[in-house]
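Shown next, in C-alpha coordinates, is the structure this report addresses.
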Amino acid sequence: MDRFTIILWIVTALLFIFSLFKDRKKTVKALKMATGLGKSMLVSILSIIFLIGLILAVIPPATIAGYVASKNEFLATIVSAFFGTITLIPAFIAFPLVGTLVDAGVAVVPSVAFLTTLTMVGIVTIPLERKEFGSRFTLVRNCLSFLFAILIALLMGVFL
Amino acid sequence: MKILKLIKVNFFAFLVLLAYLVLMIFNRNLGIDSLKNSQYYLKEMIAIMPPIFILTALLDLWVPKETILKYLGSGSKVKGVFLSFLLGGISAGPIYAAFPVCVMLHKKGASIRNIVIILSSWAVIKVPMLLNEVKFLGVHFMVIRWILTVIAIIVFSWITSLIVKDKDIPEADIELPLLAINSKACIGCRLCTKNYPQVFKMENGKATIIKDYKTLDEDLISQTVKACPANAISYNPETND
(Lines give C-alpha, C1' and ligand atoms only; values in the text may rest on other atoms or scores of the structure.)
Protein backbone atom coordinates (compact mmCIF):
# COMPACT_ATOMS: atom_id res chain seq x y z
CA MET A 1 0.00 0.00 0.00
CA ASP A 2 1.30 3.45 -0.83
CA ARG A 3 1.44 6.27 1.67
CA PHE A 4 -1.78 7.94 0.57
CA THR A 5 -3.84 4.78 0.84
CA ILE A 6 -2.57 4.36 4.39
CA ILE A 7 -3.54 7.96 5.15
CA LEU A 8 -7.00 7.23 3.73
CA TRP A 9 -7.38 4.27 6.09
CA ILE A 10 -6.19 6.28 9.09
CA VAL A 11 -8.50 9.22 8.36
CA THR A 12 -11.44 6.86 7.87
CA ALA A 13 -10.66 4.99 11.09
CA LEU A 14 -10.38 8.23 13.09
CA LEU A 15 -13.67 9.58 11.72
CA PHE A 16 -15.30 6.25 12.37
CA ILE A 17 -14.19 6.15 16.01
CA PHE A 18 -15.24 9.77 16.46
CA SER A 19 -18.65 8.95 14.99
CA LEU A 20 -18.95 5.89 17.23
CA PHE A 21 -18.39 8.02 20.32
CA LYS A 22 -20.84 10.68 19.25
CA ASP A 23 -23.71 8.47 18.12
CA ARG A 24 -23.54 4.71 18.24
CA LYS A 25 -26.80 4.10 16.41
CA LYS A 26 -25.94 6.44 13.59
CA THR A 27 -22.55 4.78 13.15
CA VAL A 28 -24.09 1.32 12.91
CA LYS A 29 -26.41 2.72 10.29
CA ALA A 30 -23.42 4.14 8.42
CA LEU A 31 -21.76 0.73 8.44
CA LYS A 32 -24.89 -0.86 7.03
CA MET A 33 -25.03 1.81 4.35
CA ALA A 34 -21.37 1.23 3.48
CA THR A 35 -21.90 -2.51 3.07
CA GLY A 36 -25.00 -1.83 0.99
CA LEU A 37 -22.97 0.51 -1.24
CA GLY A 38 -20.24 -2.09 -1.54
CA LYS A 39 -22.66 -4.85 -2.47
CA SER A 40 -24.36 -2.72 -5.10
CA MET A 41 -21.04 -1.93 -6.79
CA LEU A 42 -19.09 -5.15 -6.23
CA VAL A 43 -20.10 -7.07 -9.35
CA SER A 44 -19.54 -4.04 -11.59
CA ILE A 45 -16.13 -3.29 -10.12
CA LEU A 46 -15.01 -6.91 -10.35
CA SER A 47 -16.10 -6.98 -13.99
CA ILE A 48 -14.07 -3.83 -14.66
CA ILE A 49 -11.00 -5.29 -12.97
CA PHE A 50 -11.04 -8.58 -14.84
CA LEU A 51 -11.79 -6.85 -18.13
CA ILE A 52 -8.78 -4.56 -17.68
CA GLY A 53 -6.62 -7.61 -16.97
CA LEU A 54 -7.87 -9.23 -20.14
CA ILE A 55 -7.38 -6.18 -22.34
CA LEU A 56 -3.85 -5.66 -21.05
CA ALA A 57 -3.03 -9.31 -21.84
CA VAL A 58 -4.52 -9.23 -25.34
CA ILE A 59 -3.14 -5.80 -26.29
CA PRO A 60 -0.02 -5.25 -24.16
CA PRO A 61 0.96 -1.56 -23.89
CA ALA A 62 4.41 -2.46 -25.24
CA THR A 63 2.81 -3.58 -28.52
CA ILE A 64 0.98 -0.28 -28.73
CA ALA A 65 4.16 1.64 -28.07
CA GLY A 66 5.96 -0.28 -30.81
CA TYR A 67 3.14 0.35 -33.23
CA VAL A 68 2.74 3.99 -32.36
CA ALA A 69 6.47 4.78 -32.49
CA SER A 70 6.69 3.85 -36.15
CA LYS A 71 3.76 6.01 -37.26
CA ASN A 72 3.56 9.73 -37.92
CA GLU A 73 2.65 11.88 -34.97
CA PHE A 74 -0.94 12.64 -35.93
CA LEU A 75 -1.88 9.01 -36.47
CA ALA A 76 0.05 8.01 -33.36
CA THR A 77 -1.92 10.52 -31.28
CA ILE A 78 -5.28 9.21 -32.48
CA VAL A 79 -4.29 5.56 -31.99
CA SER A 80 -2.86 6.07 -28.52
CA ALA A 81 -5.82 8.19 -27.45
CA PHE A 82 -8.18 5.44 -28.56
CA PHE A 83 -6.15 2.77 -26.85
CA GLY A 84 -6.14 4.86 -23.68
CA THR A 85 -9.91 5.12 -23.97
CA ILE A 86 -10.50 1.38 -24.15
CA THR A 87 -8.84 0.61 -20.90
CA LEU A 88 -8.47 2.34 -17.58
CA ILE A 89 -5.22 2.39 -15.71
CA PRO A 90 -4.74 4.10 -12.36
CA ALA A 91 -2.32 7.03 -12.40
CA PHE A 92 0.04 5.00 -10.25
CA ILE A 93 0.86 2.74 -13.19
CA ALA A 94 0.08 5.23 -15.93
CA PHE A 95 3.02 7.54 -15.21
CA PRO A 96 5.77 4.90 -15.33
CA LEU A 97 4.07 3.44 -18.40
CA VAL A 98 4.05 6.77 -20.23
CA GLY A 99 7.62 7.29 -19.07
CA THR A 100 8.56 4.06 -20.82
CA LEU A 101 6.70 5.19 -23.94
CA VAL A 102 8.66 8.44 -24.09
CA ASP A 103 11.92 6.58 -23.45
CA ALA A 104 11.04 4.13 -26.20
CA GLY A 105 10.89 6.98 -28.68
CA VAL A 106 7.17 7.83 -28.77
CA ALA A 107 6.69 11.58 -29.21
CA VAL A 108 5.25 13.77 -26.45
CA VAL A 109 1.87 14.47 -28.03
CA PRO A 110 0.71 10.84 -28.40
CA SER A 111 2.13 10.01 -24.97
CA VAL A 112 0.12 12.75 -23.26
CA ALA A 113 -3.02 11.84 -25.20
CA PHE A 114 -2.51 8.30 -24.00
CA LEU A 115 -1.95 9.39 -20.39
CA THR A 116 -5.05 11.57 -20.18
CA THR A 117 -7.51 9.23 -21.88
CA LEU A 118 -6.00 6.33 -19.96
CA THR A 119 -7.09 7.71 -16.63
CA MET A 120 -10.01 10.00 -17.42
CA VAL A 121 -11.97 8.21 -20.14
CA GLY A 122 -12.85 4.57 -19.74
CA ILE A 123 -14.97 2.34 -21.92
CA VAL A 124 -14.66 -0.34 -19.26
CA THR A 125 -16.17 1.88 -16.57
CA ILE A 126 -19.07 3.10 -18.74
CA PRO A 127 -21.57 0.46 -17.54
CA LEU A 128 -20.93 1.39 -13.91
CA GLU A 129 -20.85 5.12 -14.59
CA ARG A 130 -24.14 4.83 -16.47
CA LYS A 131 -25.75 3.00 -13.60
CA GLU A 132 -24.64 5.66 -11.11
CA PHE A 133 -24.99 8.87 -13.12
CA GLY A 134 -27.28 8.09 -16.06
CA SER A 135 -26.57 7.77 -19.80
CA ARG A 136 -26.55 11.45 -20.65
CA PHE A 137 -23.99 12.42 -18.03
CA THR A 138 -21.75 9.46 -18.89
CA LEU A 139 -21.85 10.12 -22.62
CA VAL A 140 -21.20 13.85 -22.35
CA ARG A 141 -18.44 13.51 -19.76
CA ASN A 142 -16.54 10.80 -21.62
CA CYS A 143 -16.82 12.46 -25.04
CA LEU A 144 -15.72 15.85 -23.72
CA SER A 145 -12.88 14.26 -21.76
CA PHE A 146 -11.69 12.53 -24.92
CA LEU A 147 -11.76 15.71 -27.01
CA PHE A 148 -10.01 17.75 -24.36
CA ALA A 149 -7.44 15.01 -23.79
CA ILE A 150 -6.38 15.39 -27.43
CA LEU A 151 -6.41 19.16 -27.10
CA ILE A 152 -4.18 18.99 -24.01
CA ALA A 153 -1.83 16.65 -25.88
CA LEU A 154 -1.59 18.97 -28.89
CA LEU A 155 -0.86 22.00 -26.69
CA MET A 156 1.75 20.00 -24.79
CA GLY A 157 3.44 19.45 -28.13
CA VAL A 158 3.56 23.21 -28.66
CA PHE A 159 4.97 24.02 -25.22
CA LEU A 160 7.51 21.23 -24.88
CA MET B 1 -36.17 -17.59 -16.44
CA LYS B 2 -34.30 -16.84 -13.24
CA ILE B 3 -30.94 -17.37 -14.94
CA LEU B 4 -31.99 -15.14 -17.82
CA LYS B 5 -32.93 -12.41 -15.37
CA LEU B 6 -29.61 -12.76 -13.56
CA ILE B 7 -27.76 -12.40 -16.86
CA LYS B 8 -29.83 -9.39 -17.80
CA VAL B 9 -29.14 -7.60 -14.53
CA ASN B 10 -25.41 -8.40 -14.65
CA PHE B 11 -25.00 -8.28 -18.42
CA PHE B 12 -21.59 -6.65 -18.37
CA ALA B 13 -20.24 -9.15 -15.83
CA PHE B 14 -21.68 -11.95 -17.94
CA LEU B 15 -19.86 -10.69 -21.06
CA VAL B 16 -16.55 -10.53 -19.20
CA LEU B 17 -17.06 -14.05 -17.86
CA LEU B 18 -17.87 -15.28 -21.35
CA ALA B 19 -14.73 -13.65 -22.75
CA TYR B 20 -12.66 -15.43 -20.12
CA LEU B 21 -14.29 -18.77 -20.90
CA VAL B 22 -13.59 -18.38 -24.61
CA LEU B 23 -10.02 -17.33 -23.90
CA MET B 24 -9.42 -20.25 -21.55
CA ILE B 25 -10.59 -22.69 -24.20
CA PHE B 26 -8.71 -21.25 -27.18
CA ASN B 27 -5.67 -19.63 -25.64
CA ARG B 28 -5.04 -20.79 -22.14
CA ASN B 29 -1.79 -18.90 -21.61
CA LEU B 30 -3.37 -15.60 -22.54
CA GLY B 31 -6.23 -16.33 -20.14
CA ILE B 32 -3.82 -17.00 -17.31
CA ASP B 33 -1.92 -13.80 -18.16
CA SER B 34 -5.19 -11.89 -17.96
CA LEU B 35 -5.91 -13.27 -14.51
CA LYS B 36 -2.40 -12.36 -13.40
CA ASN B 37 -2.86 -8.82 -14.70
CA SER B 38 -6.12 -8.52 -12.81
CA GLN B 39 -4.40 -9.40 -9.57
CA TYR B 40 -2.85 -5.98 -9.13
CA TYR B 41 -6.19 -4.23 -9.70
CA LEU B 42 -7.92 -6.58 -7.32
CA LYS B 43 -5.43 -5.74 -4.59
CA GLU B 44 -5.86 -2.04 -5.33
CA MET B 45 -9.63 -2.37 -5.03
CA ILE B 46 -9.42 -4.16 -1.70
CA ALA B 47 -7.06 -1.47 -0.40
CA ILE B 48 -9.13 1.50 -1.55
CA MET B 49 -12.82 0.67 -1.64
CA PRO B 50 -13.65 -0.26 2.00
CA PRO B 51 -12.54 3.09 3.45
CA ILE B 52 -14.16 4.92 0.50
CA PHE B 53 -17.52 3.27 1.18
CA ILE B 54 -17.31 3.97 4.92
CA LEU B 55 -16.26 7.59 4.33
CA THR B 56 -19.13 8.06 1.88
CA ALA B 57 -21.65 6.69 4.37
CA LEU B 58 -20.24 8.74 7.26
CA LEU B 59 -20.27 11.95 5.21
CA ASP B 60 -23.80 11.17 4.07
CA LEU B 61 -25.03 10.81 7.65
CA TRP B 62 -23.05 13.56 9.35
CA VAL B 63 -22.72 16.40 6.84
CA PRO B 64 -26.01 18.25 6.41
CA LYS B 65 -27.38 18.97 2.97
CA GLU B 66 -27.08 22.73 3.49
CA THR B 67 -23.32 22.46 3.98
CA ILE B 68 -22.75 20.55 0.73
CA LEU B 69 -25.10 22.89 -1.10
CA LYS B 70 -23.24 25.91 0.24
CA TYR B 71 -19.73 24.68 -0.60
CA LEU B 72 -20.29 22.59 -3.73
CA GLY B 73 -23.72 23.70 -4.99
CA SER B 74 -24.34 25.70 -8.14
CA GLY B 75 -24.12 28.94 -6.14
CA SER B 76 -20.68 28.12 -4.77
CA LYS B 77 -18.90 29.61 -7.83
CA VAL B 78 -15.09 29.88 -7.60
CA LYS B 79 -15.02 28.51 -4.07
CA GLY B 80 -16.85 25.35 -5.23
CA VAL B 81 -14.54 24.87 -8.22
CA PHE B 82 -11.49 25.22 -6.00
CA LEU B 83 -12.83 22.82 -3.38
CA SER B 84 -13.72 20.27 -6.06
CA PHE B 85 -10.19 20.33 -7.46
CA LEU B 86 -8.83 19.93 -3.95
CA LEU B 87 -11.13 17.01 -3.18
CA GLY B 88 -10.33 15.18 -6.42
CA GLY B 89 -6.65 16.05 -6.33
CA ILE B 90 -5.80 14.74 -2.89
CA SER B 91 -7.74 11.51 -3.32
CA ALA B 92 -6.27 8.06 -3.72
CA GLY B 93 -7.49 5.36 -6.06
CA PRO B 94 -8.85 4.95 -9.57
CA ILE B 95 -11.75 6.92 -11.04
CA TYR B 96 -14.43 4.40 -10.10
CA ALA B 97 -13.61 5.01 -6.43
CA ALA B 98 -14.94 8.53 -7.00
CA PHE B 99 -18.34 7.28 -8.19
CA PRO B 100 -20.00 6.55 -4.81
CA VAL B 101 -18.57 9.76 -3.34
CA CYS B 102 -19.85 11.89 -6.22
CA VAL B 103 -23.28 10.24 -6.26
CA MET B 104 -23.65 11.05 -2.57
CA LEU B 105 -22.41 14.63 -3.03
CA HIS B 106 -24.79 15.21 -5.92
CA LYS B 107 -27.69 13.85 -3.90
CA LYS B 108 -26.84 16.41 -1.23
CA GLY B 109 -26.80 19.34 -3.63
CA ALA B 110 -23.37 19.46 -5.28
CA SER B 111 -23.64 20.87 -8.81
CA ILE B 112 -23.02 18.83 -11.96
CA ARG B 113 -20.08 21.05 -12.79
CA ASN B 114 -18.35 20.35 -9.50
CA ILE B 115 -19.06 16.62 -9.79
CA VAL B 116 -17.31 16.57 -13.19
CA ILE B 117 -14.36 18.48 -11.71
CA ILE B 118 -14.04 16.01 -8.85
CA LEU B 119 -14.25 12.99 -11.17
CA SER B 120 -11.74 14.36 -13.67
CA SER B 121 -9.20 15.63 -11.20
CA TRP B 122 -9.57 12.36 -9.30
CA ALA B 123 -8.43 10.69 -12.51
CA VAL B 124 -5.54 12.83 -13.75
CA ILE B 125 -4.54 15.60 -11.38
CA LYS B 126 -3.27 13.71 -8.42
CA VAL B 127 -1.21 15.27 -5.69
CA PRO B 128 -0.23 11.79 -4.44
CA MET B 129 1.19 11.08 -7.91
CA LEU B 130 3.08 14.34 -8.21
CA LEU B 131 6.48 12.94 -7.34
CA ASN B 132 5.82 9.90 -9.46
CA GLU B 133 5.10 12.06 -12.48
CA VAL B 134 8.21 14.16 -11.88
CA LYS B 135 10.31 11.04 -11.49
CA PHE B 136 9.19 9.48 -14.77
CA LEU B 137 8.48 12.52 -16.93
CA GLY B 138 10.29 15.50 -15.45
CA VAL B 139 9.29 18.73 -13.66
CA HIS B 140 8.84 20.70 -16.86
CA PHE B 141 6.43 18.12 -18.26
CA MET B 142 4.48 17.91 -14.99
CA VAL B 143 3.99 21.67 -14.55
CA ILE B 144 2.78 22.27 -18.11
CA ARG B 145 0.51 19.22 -18.05
CA TRP B 146 -1.04 20.29 -14.77
CA ILE B 147 -1.75 23.83 -15.93
CA LEU B 148 -3.25 22.68 -19.24
CA THR B 149 -5.31 19.95 -17.63
CA VAL B 150 -6.75 22.23 -14.95
CA ILE B 151 -7.78 24.75 -17.62
CA ALA B 152 -9.30 21.96 -19.75
CA ILE B 153 -11.29 20.58 -16.81
CA ILE B 154 -12.59 24.06 -15.91
CA VAL B 155 -13.81 24.50 -19.48
CA PHE B 156 -15.36 21.10 -20.13
CA SER B 157 -17.00 20.83 -16.70
CA TRP B 158 -18.76 24.07 -17.58
CA ILE B 159 -19.83 22.68 -20.97
CA THR B 160 -21.11 19.51 -19.29
CA SER B 161 -23.22 21.57 -16.89
CA LEU B 162 -24.83 23.26 -19.91
CA ILE B 163 -25.81 19.95 -21.51
CA VAL B 164 -26.56 17.75 -18.52
CA LYS B 165 -29.16 18.81 -15.98
CA ASP B 166 -29.80 17.54 -12.46
CA LYS B 167 -32.86 15.60 -13.54
CA ASP B 168 -30.74 13.51 -15.97
CA ILE B 169 -28.97 11.88 -13.06
CA PRO B 170 -30.85 9.02 -11.41
CA GLU B 171 -31.83 9.50 -7.79
CA ALA B 172 -29.24 7.95 -5.53
CA ASP B 173 -30.79 5.23 -3.43
CA ILE B 174 -28.00 5.10 -0.88
CA GLU B 175 -30.66 5.40 1.76
CA LEU B 176 -33.57 3.09 0.99
CA PRO B 177 -36.95 4.72 1.32
CA LEU B 178 -39.22 3.22 3.95
CA LEU B 179 -41.85 2.36 1.41
CA ALA B 180 -41.59 2.49 -2.36
CA ILE B 181 -43.40 1.30 -5.46
CA ASN B 182 -41.56 0.34 -8.59
CA SER B 183 -43.96 1.87 -11.09
CA LYS B 184 -42.31 0.02 -13.99
CA ALA B 185 -43.19 -3.30 -12.37
CA CYS B 186 -46.68 -2.32 -11.20
CA ILE B 187 -49.34 -3.93 -13.34
CA GLY B 188 -52.16 -1.82 -11.89
CA CYS B 189 -54.07 -4.71 -10.31
CA ARG B 190 -55.34 -2.55 -7.40
CA LEU B 191 -54.74 -5.29 -4.84
CA CYS B 192 -52.70 -2.98 -2.61
CA THR B 193 -55.33 -0.26 -2.64
CA LYS B 194 -57.89 -2.84 -1.56
CA ASN B 195 -55.63 -4.32 1.13
CA TYR B 196 -54.45 -1.04 2.58
CA PRO B 197 -56.42 1.91 1.21
CA GLN B 198 -55.00 4.29 3.85
CA VAL B 199 -51.57 4.07 2.26
CA PHE B 200 -52.02 3.14 -1.40
CA LYS B 201 -54.07 4.78 -4.12
CA MET B 202 -54.33 4.50 -7.88
CA GLU B 203 -53.00 7.21 -10.17
CA ASN B 204 -53.06 6.92 -13.97
CA GLY B 205 -53.51 3.16 -13.72
CA LYS B 206 -50.53 2.66 -11.41
CA ALA B 207 -50.40 2.33 -7.66
CA THR B 208 -48.83 5.21 -5.72
CA ILE B 209 -48.23 5.92 -2.06
CA ILE B 210 -50.42 8.46 -0.33
CA LYS B 211 -47.84 10.95 0.89
CA ASP B 212 -49.22 11.82 4.31
CA TYR B 213 -50.25 8.43 5.67
CA LYS B 214 -50.00 8.39 9.47
CA THR B 215 -48.53 5.16 10.82
CA LEU B 216 -47.90 1.82 9.18
CA ASP B 217 -49.48 -1.34 10.51
CA GLU B 218 -46.67 -3.93 10.35
CA ASP B 219 -48.93 -6.91 9.67
CA LEU B 220 -51.07 -5.15 7.14
CA ILE B 221 -48.14 -3.72 5.21
CA SER B 222 -46.19 -6.98 5.01
CA GLN B 223 -49.37 -8.70 3.91
CA THR B 224 -49.85 -6.13 1.18
CA VAL B 225 -46.21 -6.40 0.05
CA LYS B 226 -46.55 -10.18 -0.22
CA ALA B 227 -49.88 -9.96 -2.00
CA CYS B 228 -48.55 -7.79 -4.84
CA PRO B 229 -48.35 -10.14 -7.83
CA ALA B 230 -45.63 -8.07 -9.52
CA ASN B 231 -43.45 -7.69 -6.39
CA ALA B 232 -43.52 -3.98 -7.07
CA ILE B 233 -43.74 -2.80 -3.46
CA SER B 234 -40.62 -2.57 -1.34
CA TYR B 235 -40.76 -2.06 2.39
CA ASN B 236 -37.60 -1.41 4.42
CA PRO B 237 -38.47 -1.30 8.11
CA GLU B 238 -34.80 -0.74 8.99
CA THR B 239 -34.91 2.79 7.62
CA ASN B 240 -37.54 3.62 10.19
CA ASP B 241 -36.08 6.15 12.61
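The values are calculated or read from the model by the stated rules, or taken from the named source; none is laboratory data. Since we're looking at a predicted model, the values are computed, not measured. Note: ideal-geometry Cβ built from the backbone for every residue, glycine included; neighbour counts use all protein chains shown. The protein model used for the area step is the full one, side chains on, heavy atoms only, and it has no ligands, DNA or RNA in it. Shrake-Rupley method; radii C 1.70, N 1.55, O 1.52, S 1.80 Å.
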Fill in the blank from the handout: Applying the gyration tensor rule to the Cα atoms of segment B:1-132 (axes a ≥ b ≥ c; rounded if a/c under 1.5, else prolate if a/b exceeds b/c, else oblate), the class is prolate
Completion exercise
The B/A contact buries a total accessible area, at probe radius 1.4 Å and rounded to the nearest 100 Å², of 7100
Exercise for the section: Please express the shape of the protein assembly as shown as an equivalent ellipsoid: the semi-axes are the square roots of 5 times the eigenvalues of the C-alpha gyration tensor, given largest first in whole angstrom. Expected result: 41, 25, 20
Exercise for the section: Using a 10 angstrom cutoff on alpha carbons, build the Gaussian network for chain B and name the most mobile of B:THR215, B:THR160, B:THR67. Expected result: B:THR215
Completion exercise
If every Lys and Arg gets +1 and every Asp and Glu gets -1 at its Cβ, then about the Cα centre chain B yields a dipole, in debye to the nearest 20, of 560
Exercise for the section: Return an integer: the convex hull volume of the alpha-carbon atoms of segment A:1-89, in Å³ per residue. Expected result: 134
Fill in the blank from the handout: The alpha-carbon center of segment B:73-140 and that of segment A:1-76 are separated, in whole Å, by 14
Completion exercise
Checked segment A:48-160 with the C-alpha gyration tensor, a ≥ b ≥ c its square-rooted eigenvalues, rounded below a/c of 1.5, otherwise prolate if a/b is larger than b/c and oblate if not; verdict oblate
Problem - Cα-based Rg / Dmax (Å) for segment B:53-116 - result: 10.9, 29
Exercise for the section: Label chain B by shape, choosing from rounded, prolate and oblate, from the square roots a ≥ b ≥ c of the eigenvalues of the Cα gyration tensor; if a/c is under 1.5 it is rounded, and otherwise prolate applies when a/b is larger than b/c, oblate when it is not. Expected result: oblate
Completion exercise
Expected max-MSF residue from A:ALA104, A:ALA94, A:ALA76 in the GNM of chain A (alpha carbon, under 10 Å) is A:ALA104
Completion exercise
On the accessible surface of the protein assembly as shown, probed at 1.4 Å with all protein chains in place, carbon and sulfur together account for a percent value of 69
Exercise for the section: Using a 10 angstrom cutoff on alpha carbons, build the Gaussian network for chain A and name the most mobile of A:SER145, A:SER70, A:SER80. Expected result: A:SER70
Practice task
Would you calculate a helix-derived [θ] at 222 nm for chain B, using -39,500 (n - 2.57) for each DSSP H run of n ≥ 4 and dividing by the full residue count, to the nearest 500?
Solution key: -20000 deg cm²/dmol
Problem - chain A - mean residue ellipticity at 222 nm from DSSP helices (-39,500 (n - 2.57) per run, n ≥ 4, rounded to 500) - result: -28500 deg cm²/dmol
Practice task
May I ask you to evaluate 6.51 cos²θ - 1.76 cosθ + 1.60, the Karplus curve with θ = phi - 60°, for each residue of segment A:123-140 and list the ³J(HN,Hα) values in order in whole Hz, giving x for glycine and proline?
Solution key: 4, 5, 8, 4, x, 5, 4, 5, 4, 7, 10, x, 5, 4, 4, 4, 5, 5
Practice task
Give the calculated FRET efficiency between B:ASN236 and B:CYS189 to the nearest 0.05, with a Förster radius of 22 Å applied to their Cβ-Cβ distance.
Solution key: 0.45
